[in-house]
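What follows is a single structure, written as structure tokens, with notes after it.
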Amino acid sequence: MQLDNKTYEELNSLLTQINAELASRRSTEIEKLRAEVQQRAASLGLSIADLFGGKAGKKTAKAVAAKYANPQDPSQQWTGRGRKPQWVHDALTAGKTLEELAI
């Protein structure tokens, strides 16, 4: 395919079409592989759970217990993971320590 004589808009349209086709083919390949694995597992008397130790699909994150609570509003809690909530930032700026905010 000759691309030198294509306009920017034509190339962009072609890129969009290619990306859509790639996504479609990827989905098709995934479905084929899934069917092959299920068929092979079934021929051995196994389930997907037997092969992979649980339900097939996405893993769910486990809830983490809160470690810190807002002294002014105990319903506001933080696990200590991720970005600090504004109330934690404000308390630390006011001179409190995380130990003082611990539950």
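Starting at 0 and stepping by 5 Å, how many percent of the alpha carbon pairs of the range 8-52 end up in each bin?
5, 21, 15, 14, 10, 9, 9, 6, 6, 4, 2
Looking at the square roots a ≥ b ≥ c of the eigenvalues of the Cα gyration tensor of the range 13-100, which shape do they give, rounded for a/c under 1.5, prolate if a/b is larger than b/c, or oblate?
Judged from the Cα gyration tensor, the range 13-100 comes out oblate (a/c at least 1.5, b/c at or above a/b).
Dipole of the chain (Lys/Arg Cβ +1, Asp/Glu Cβ -1, origin at the Cα centre): which of ALA23, ALA63, GLN76 lies farthest to the positive side?
Towards the positive end, the residue furthest out is ALA63.
Every read-out reported here was derived from the displayed coordinates using simple, explicitly stated rules and does not represent laboratory data. Because the structure is a prediction, the values reported are computed rather than measured. Every residue, glycine among them, receives a Cβ derived from its backbone with ideal geometry; neighbour counts consider all protein chains shown.
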